[in-house]
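Down below is the structure, laid out as structure tokens.
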Amino acid sequence: MTLLRHYINGKWQESASGRVREIRSPHDQHVVVQATEGNLTDVLNAIEAAHTTFESGIFRSWSWQDRQSLLLRIADLIERDADIYAKAESGDTAKRLIEAEYDIADVISVFRFNATLKEPGHSVDIGRLEIESRIAYEPVGVCALIGPWNYPLLQISWKVAPALLAGCSFIVKPSELSPSTAVLLMHTLTEAGVPAGVANLILGAGSEVGTPLTSDPRVDLISFTGGLATGRAIMASAARTVKKVALELGGKNPNIIFADADIDAAIDNAVTAGFLHSGQVCSAGTRLLVEASIHDRVVDELVRRADEITLGGPDNEAAETGPLISEGHLNKVLGYIERAVKEGATLRVGGKRALAPGLEAGWYIEPTVFDGCSTEMASVQEESFGPIITVETFTTEEEAIALGNDTIYGLSGAVWSADLGRCDRVAAGLRHGTIWINDYGPYRPEAEWGGFKASGVGRELGGSGLHEYLEAKHLWRNTSPGRSGWFRDSGHP
Ligand code: NAD
């Protein structure tokens, strides 16, 4: 069986701990791969490698154009090996192979998009002829790039591509549940010509290898994608050494349907928004807000559609969505279902573990719809990260906006209406980082992604995603130096 290892300073290494973690398929619990389980010694070695390499200047001295070419080579190599990547991603997560293939195609476009970004920098007109003033952008330094398990390589690629373009050194820490594609990426980066010590990889648990990455003074930036609780802990830890943080956290995303919308399209998208990847999507449309006059029609149809969804493992071609990532996560989601029932929500479909033949050994939950929900309910406020849609109703535009904003999160949302003026007003009123109008879910590497409020700090993708990895430096050059003349100088005439 393959043993996944750390990649530190250009060398594959087993952990100083000697421990090994088994990565098991969420579909049937077979051991997919084994991974070395990192400890503090490994993390310190990786940080030292990234720090020394950054200080040496070996990579940041590359021209911007050379780093753009590097990203294009990486994209080409991932494309060449796309099948291997997709199988590995699907193996760890048990997501359908076709979904993993889409994810890898997205990863390739992330590298290609970043390669188009021009080197930033500009002159500043100070209004004095003798002064040349310029803003230059330099790499932020050593970065800790920490990723989740739901889109393992995609979320890491949003960080690695701009970090490389900026000229940073980094340590990638994938989720301990889905490390395979991050390992493949290190092979690809090396083949593409990334110098040893620039890209390092540490495998292991967040508590053991993640925490030291967030407290070491040699780390300049933490870019983290994951849950709110972890994000809070990371921000607190980063405060001690005043690190920069970029946080992509959870969401509780409102999907708002007005009575004049294209109802068929809205319902079909609501099903996808809530149940794609069994709801393990940060932008999942978990809060359906429906205008009261169309409530019954929308909810009846949603329930019918949810009931039809075929669950199954990565090799089941009939399957439309797969299992949850782990037993722990399954129990957390079942806990939210139990809580919603106790809170008085009406269970319309699903609501339990799926144990049909072929699913018994997996972490499957039936697509679930709760009607009669309200914003006081934990099931409406907290991110379950499972296949649960809660339904609330509204009667006015103002009420729809207020409900859509009644959450600590602010990641994404959607509005469905034939009245484009209303769509624009609702979109303007919603405090979320992405708003879809008469659509749900698309994201593009060219467009900024990130959250308002507790959904995060900073942005990934777009031009802003690159700027997280850069420091602005103001260069002031006086071409005609003179005395400052501020303090009295008795020796000067
Ligand atoms: P998680 O917070 O449990 O773990 C994320 C990563 O952080 C893992 O690699 C984990 O090992 C590591 N980690 C855990 N504790 C740590 C610590 N104390 N210090 C440093 N690292 C630590 O999240 P998850 O369960 O892997 O992912 C699901 C969450 O990710 C959901 O909340 C989802 O909304 C969020 N997510 C957000 C986006 C986005 O773009 N906003 C995208 C994908 C996922």
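No value in this document is a laboratory result; all are computed from the given coordinates. These figures come from a predicted structure and were not determined experimentally. Reconstructed Cβ throughout: ideal geometry from the backbone, glycine too, with neighbour counts over all protein chains shown.
Points worth noting:
- Residue ranges 197-204, 235-242 sort as 197-204, 235-242 when ordered by packing (mean number of other C-beta atoms within 10 Å per residue, highest first).
- Relative packing of 321-327, 127-133, which averages over residues the other C-beta atoms within 10 Å, highest first: 321-327, 127-133
- Sequence ranges 32-39, 248-255, 80-87, ranked by mean other-Cβ count within 10 angstrom, highest first: 248-255, 32-39, 80-87
- Each principal axis of the Cα cloud of the range 154-204 was taken in turn, and the coordinate range along them, longest first, works out to 29, 19, 15 Å.
- Alpha carbon centroid spacing (whole Å) that separates the range 208-268 from the range 423-493: 18
- With Rh defined as the Kirkwood radius, the inverse of the mean 1/r over Cα pairs, the Rg/Rh of the range 272-328 is 1.05.
- Rounded if a/c under 1.5, otherwise prolate or oblate - the range 389-440, Cα gyration tensor axes: rounded
- Considering only the Cα atoms of the range 137-250, their convex hull presents on average a projected area of 6.6 nm².
- Taking 0.36 nm per residue of separation and subtracting the current Cα-Cα distance, fully stretching the chain between S490 and W64 would add 148.3 nm.
- Nearest-0.05 FRET efficiency for T41 and K473, computed from C-beta distance (R0 45 Å): 0.80
- Over 16 Å [Cα-Cα, the range 233-278], rounded percent: 60
- For the range 404-493, the spherically averaged projection of the C-alpha convex hull amounts to 12.0 nm².
- Here the range 342-466 was treated as a single set of alpha-carbon atoms; its pair distances binned every 10 Å from 0 give 11, 33, 33, 18, 4 percent.
- Modelled this way, with points 7 Å down the Cα-to-C-beta line, the labels at K352 and N316 are 1.7 nm from one another.
- Counting all C-alpha pairs of the range 1-52, share separated by more than 15 Å (%): 51
- Largest to smallest principal axis extent of the C-alpha atoms in the range 274-405, angstrom: 46, 27, 24
- Beta bridges by DSSP in the chain, antiparallel share as percent, to the nearest 5: 45
- For the range 444-486, the Kirkwood hydrodynamic radius comes to 13.7 Å, computed from all pairs of different C-alpha atoms.
- Extension gain (nm, one decimal) between K11 and S207, 0.36 nm per residue minus Cα-Cα: 68.1 nm
- Shape of the chain, Cα gyration tensor, a/c cut at 1.5: oblate
- Residue order, fewest to most beta carbons within 10 Å, for R134, R431: R134, R431
- Förster-model FRET efficiency, 30 Å R0, E399 and R304, C-beta, rounded to 0.05: 0.65
- Too-long pairs where the Cα-Cα distance tops 26 Å, listed order kept, from K95/K252; K332/K453; K11/K473; K252/K332; K95/K453: K11/K473; K95/K453
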